[in-house]
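Trainee: To start, I am sharing the structure in question, which I have written as structure tokens.
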Amino acid sequence: MHDTLEDEAPVVDPATWKLEIAGLVDSKKPWTLADLHALPEVSQITRLCCVEGWSAIGSWHGAVLSDFLKRIGADTRARYIHFRCAEGYHTTIDMATALHPQTQMTFKFDNQLLPRAYGFPMKIRMPTKLGYKKPKYVVAMEVTNTDRGGYWENQGYNWFGGL
């Protein structure tokens, strides 16, 4: 039996993958997985709530997004962060959510490398948001004052998507 999520997940080559950085930041240097995995790691056990009504609790490990934003010299007075993903998904979050202490650049689930089905090589975990706002397979991040919308938001879902 095949795992449908794994079958539909994009294949990302960890040797060539880089996180592109753009917008209102001091450093636009792309980050490799090795660069990101060298960041201080935190873990959290949080619930994922889906707009469809189900939820699940998991153990997630990665870097605090606000710490990363400081590291790249992001202008935290900017209004938004826009994420693009390997499968074409994209979403915009407000800066307050990005700076929330639980918002995480996630690289591991249950202390194991993030599975493809869960967003390898990186997903953004925001316990204060519903599942559709949590980008997986992230390839680019832009700090901006422009709301660039999002895949689900452009189809009528609530922009904030919070709990």
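Trainee: Per residue of the chain, what 222 nm ellipticity follows from adding -39500 (n - 2.57) for every DSSP H run with n ≥ 4, rounded to the nearest 500?
Mentor: On the way: 4 runs with 22 residues, N = 163.
Value at 222 nm, helices only, nearest 500: -3000 deg cm²/dmol.
Trainee: At a 1.4 Å probe, what is the % contribution of carbon and sulfur to the accessible area of region 6-163? Numbers along the way, then the final one.
Mentor: Details: 3900 of 7600 Å².
Roughly 51 percent of what the probe reaches on region 6-163 is carbon or sulfur.
Trainee: Roll a 1.4 Å probe over the protein chains and send me the accessible area per residue for the chain in Å².
Mentor: 51 Å²
Trainee: Still on this structure: In whole Hz, with x marking every Gly and Pro, tabulate ³J(HN,Hα) for region 69-80 from phi via Karplus 6.51 cos²θ - 1.76 cosθ + 1.60, θ = phi - 60°.
Mentor: Per-residue couplings from phi come out as 4, 4, 4, 8, x, 5, 7, 6, 7, 4, 8, 9 Hz.
Trainee: Need one number: % antiparallel among DSSP beta bridges in the chain, to the nearest 5.
Mentor: Numbers: 32 of 36 bridges.
Given both bridge residues lie in the chain, the antiparallel proportion sits at roughly 90 percent.
Trainee: Using just the alpha carbons, could you tell me how many Å³ per residue the convex hull of the chain encloses?
Mentor: On the way: hull volume 18.6 nm³, N = 163.
Value for the chain: 114 Å³ per residue.
The values are calculated or read from the model by the stated rules, or taken from the named source; none is laboratory data. Bear in mind the structure is a predicted one, so any value in this text is a computation, not a measurement. Each accessible area value is taken on the protein alone, full model and side chains, heavy atoms only, with ligands, DNA and RNA left out. Shrake-Rupley method; radii C 1.70, N 1.55, O 1.52, S 1.80 Å.
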